[in-house]
Amino acid sequence: MTRSLVLAAAQLGPIQKAEGRDVAVGRMVRLMEKAHQRGAEVVVFPELALTTFFPRWYEEDVSAADHWYETALPSNETAPLFEAARKYGIAFHLGYAEKTPDGHRFNTAVFVSPNGEVMLKYRKVHLPGHKDYDPIRKVQHLEKRYFEVGDLGFPVVRAPVAGHDVNVGMMICNDRRWPEAWRVMGLQQVELVMLGYNTPSLNMDNRGFEAHHLRVEHSHLSIRAGCYQNACFAVATAKAGTEDGHELFGHSIIVNPQGEIMAQATSWGDELIVAEADLGMCELGRTTIFNFAKHRRPEAYGRITAQVGSEPPAAWTPSRG
């Protein structure tokens, strides 16, 4: 029997700093309604979907940014999302800033069943940017200031979704560029990777001189390669447009296990893209080229986990005879 699942990426246009959660949630509920009309069974919202991308704003006292974080889900402000999921029978992925009861702060995503139960939680591991104010930058990227490195690893769970058991995992934004993240989930036979991102059109680490079109190309390249090399589908959902005067490049996509883009957003606003996934497609790569049990050689990969920074190789010297 075909294991078919209708996937939707619910791209959001900009959320301005002055706008409250009620504005963002209202827009997401409307996208959920549209997803229902188009037969979607899973909806993926972006990273930090409830607020503007607040790590671009510097606060000397991190606690002054506490109003951007969620301390519980659902809250009064996010309850309409959970109600819409129950009404339409749709599972959803939500990215948000999390503050734990003991005061830890994470860039977090959850996968929620239609009855409101959190089936999986993930906390972002690969935090980009910097911790302290950088006067050279036109735009700050202070994720290392506002978030701790995620402490949950890259878990995969076999979740009941629309009548099927689906192996689902999550990553957030910059994680997509790290093949280790994909492979850890691939080793758990992940079938669907959900990821949200808020990626600026300019790379401030390169002081804005990276070619504009390559920002999108590198994002798509990372996701397509991850799907192909780990035989899985991915729904990669963006925040897009000019947010607080700063451009986010959007280009949300849904990708299959062959690394092909099945659907792509074409606007910089709220937009729903949908694709039907035959989860059986994951078996081809998993049983042939990427049959890990037959072909992986972990004894040759020790450097990956033993070393953080790159090191130069030893110099070649001519043999003496």
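The values are calculated or read from the model by the stated rules, or taken from the named source; none is laboratory data. In this text, all values refer to a predicted model and were calculated from it rather than measured experimentally. Cβ atoms come from the backbone with ideal geometry, glycine included; neighbour counts cover every protein chain shown. Remember, those area values only see protein heavy atoms, side chains included, never the ligands or the DNA or RNA. Shrake-Rupley method; radii C 1.70, N 1.55, O 1.52, S 1.80 Å.
Structure above, values below:
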{"item": "Cα gyration tensor shape of region 202-312, rounded if a/c is under 1.5, else prolate or oblate by comparing a/b with b/c", "result": "oblate"}
{"item": "GNM result for the chain, Cα springs below 10 Å: residue of L152, L73, L279 fluctuating most strongly", "result": "L152"}
{"item": "Region 248-321: C-alpha gyration tensor shape, a/c 1.5 cut-off, then a/b vs b/c", "result": "oblate"}
{"item": "GNM flexibility winner over the chain from A306, A162, A277 (Cα, springs under 10 Å)", "result": "A306"}
{"item": "Selection from T71, V43, G153 lying farthest towards where the dipole of the chain points positive, charges on Cβ", "result": "G153"}
{"item": "Region 109-153 - accessible surface per residue (Å², probe 1.4 Å)", "result": "46 Å²"}
{"item": "Cα-centre dipole for region 1-126 with unit charges at Cβ (Lys and Arg positive, Asp and Glu negative), debye to 20", "result": "580 debye"}
{"item": "The chain - charge dipole about Cα centre, Lys and Arg +1 at Cβ, Asp and Glu -1, debye rounded to 20", "result": "860 debye"}
{"item": "For q = 0.15 Å⁻¹, Debye-computed log10 I/I(0) when each Cα of region 1-103 counts as one equal scatterer", "result": "-0.65"}
{"item": "When the chain is reduced to its Cα atoms, the Kirkwood hydrodynamic radius in Å", "result": "20.3 Å"}
{"item": "Region 176-321, dipole about Cα centre (Lys/Arg Cβ +1, Asp/Glu Cβ -1), debye to the nearest 20", "result": "880 debye"}
{"item": "Most mobile listed residue (F111, F53, F290) in the chain, GNM with C-alpha springs under 10 Å", "result": "F290"}
{"item": "Carbon/sulfur fraction of accessible area - region 128-271, other protein chains in place, 1.4 Å, %", "result": "53 percent"}
